[in-house]
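S.K.: Got a structure for you, questions after.
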Amino acid sequence: MIEIPAKLIRNHSAKAPEWLAGLPGAAARYLGEWQLTVDGDALSGEASLILPVVRRDGTQAMLKLQSVNDESESEALALRTWNHNDVVAVLEDDPATSTLLLERLQPRTLDDLPDHVEATRILAELLTHLMVVPAPPGIRRLSDIAAGMIEDAPRLIPMLADPAEQALTWRFVAQVTELLPESGDRLLHWDLHYYNVMAGTRRPWLAIDPKPLAGDPAFELMPAVWNRWDDLVATGDLSQAIRDRFGLMLEVTGIDRDRALGWTAGRILQNVLWFTADGGTRIEAELKAVADALFA
């Protein structure tokens, strides 16, 4: 019997009860088809069940079961498109269910690295490798995501209670609108933060868990900027620490500053629209702090 982690039950008992109920059966199916033996406790991400397994030849691996959606359906394709030295390896996959058998990495992420500046530099160096790869056909496009934001803005921005926050958000809509005609065609990770870079055995650090998108690499910066938040606060000058981290990402990757600011405005806009769609009436404090640091 596979014990489903409580975190996964909390996240999906309401929105995907059928998928959750089917997980034990799905796990049993792939354990049999791919001749795998479970050799550890079940783990979970925000939206996936992960089982430590051993293949018939003795190779250790991780079986990842997840629901099929826009984020998961191209994960295997993206991981196989990037250079093998930069990302976790796909050993088996079933496109019909977005189920993956992945190489087993070390239980350590860039979030565990004591020095957050060093962690940011490592993440940025990894991004320099990922961001030059053209997106393969069939990947979702940033242009469509951005156009959807612009379309949703008139309905959702008025839900913000503070007129100044409404004005700031409209400013971000204008920046995204300006960038929309040249949204890019590189293969983007979309969620490249410190928890999604893990230590490997064949390489020091490898990216995991992409949400593939075709677009401008400048769209990739925001997750690194506002993760490891406590490290930024601990510097005693939050705004400067945000600017320093953003500047380090630009220095390492060579991404154009104006485009980086424009697409980071887009990432803030995206989150504000998500929050207001869920009933929020104020810009989340961390997002507001990033906006104040970079755009004041």
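S.K.: Across the stretch 190-239, which residue is nearest to Gly138 (Cα to Cα) among those that are polar (S, T, N, Q) and within 13 Å of the chain's Cα centre (by Cα)?
M.R.: Here the residue is Asn196.
S.K.: Can you go through Ala234, Ala260 and tell me which one is closer than 20 Å to Arg121 by Cα, surrounded by 17 or more Cβ atoms within 10 Å (Cβ to Cβ), modelled with pLDDT of 95 or more and not charged (D, E, K, R)?
M.R.: Result of the check over Ala234, Ala260: Ala260.
Listed here are the residues, each with its yes/no results for (1) touching a Gly at 6+ places or on another chain (Cβ under 7 Å); (2) surrounded by fewer than 16 Cβ atoms within 10 Å (Cβ to Cβ); (3) closer than 22 Å to Pro212 by Cβ; (4) in contact (Cβ under 8 Å) with a residue 12 or more places away in the chain.
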site: Ala6; (1), (2), (3), (4): no, yes, no, no
site: His12; (1), (2), (3), (4): no, no, yes, yes
site: Gly22; (1), (2), (3), (4): no, yes, no, no
site: Gly25; (1), (2), (3), (4): no, yes, no, no
site: Leu43; (1), (2), (3), (4): no, no, no, yes
site: Glu46; (1), (2), (3), (4): no, yes, yes, yes
site: Leu49; (1), (2), (3), (4): no, no, yes, yes
site: Ala61; (1), (2), (3), (4): no, no, yes, yes
site: Leu65; (1), (2), (3), (4): no, no, yes, yes
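S.K.: Something else now. Would you mind stating whether Glu73 is outside any strand (DSSP E or B) and surrounded by 17 or more Cβ atoms within 10 Å (Cβ to Cβ)?
M.R.: yes
This table checks each residue for (1) assigned by TED's automatic domain parsing to the domain that holds Val225; (2) under 17 Å from the mean Cα position of the chain (by Cα); (3) loosely packed, with under 15 Cβ neighbours inside 10 Å.
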| position | (1), (2), (3) |
| --- | --- |
| Ala96 | no, no, yes |
| Thr99 | no, no, no |
| Asp115 | yes, no, yes |
| Ile122 | yes, yes, no |
| Met131 | yes, yes, no |
| Pro134 | yes, no, yes |
| Pro137 | yes, no, yes |
| Arg140 | yes, yes, no |
| Asp144 | yes, no, yes |
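Let's see how each residue does on (1) in contact (Cβ under 8 Å) with a residue 40 or more places away in the chain; (2) in contact with a Ser or Thr (Cβ under 7 Å, 6 or more places away or on another chain):
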| position | (1), (2) |
| --- | --- |
| Ile208 | yes, no |
| Lys211 | yes, no |
| Asp216 | yes, yes |
| Leu221 | yes, yes |
| Ala224 | yes, yes |
| Arg228 | yes, no |
| Asp231 | yes, no |
| Thr235 | no, no |
| Gln240 | yes, no |
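S.K.: Would you call Asn227 under 19 Å from Ala260 (Cβ atoms), crowded, with 18+ Cβ neighbours inside 10 Å and either in the same structural domain as Arg257 (by TED's automatic domain parsing) or not β-branched (Val, Ile, Thr) (or both)?
M.R.: yes
S.K.: Please go through the stretch 156-179 and give me each residue that is assigned to a helix (DSSP H, G or I) and surrounded by fewer than 17 Cβ atoms within 10 Å (Cβ to Cβ), ordered by number.
M.R.: Scanning the stretch 156-179 gives Pro158, Met159, Pro163, Ala164, Gln166, Ala167, Trp170, Arg171, Ala174, Thr177, Glu178.
S.K.: With respect to the numbered conditions (1) hydrophobic (A, V, I, L, M, F, W, C); (2) closer than 20 Å to Tyr194 by Cα; (3) assigned by TED's automatic domain parsing to the domain that holds Lys64; (4) touching a residue at least 24 places away in the same chain (Cβ under 8 Å), which one is the sole condition not fulfilled by Leu126?
M.R.: (3)
The values are calculated or read from the model by the stated rules, or taken from the named source; none is laboratory data. Just so it is clear, the structure is predicted and the values come from calculations on it, not from any experiment. Note: ideal-geometry Cβ built from the backbone for every residue, glycine included; neighbour counts use all protein chains shown.
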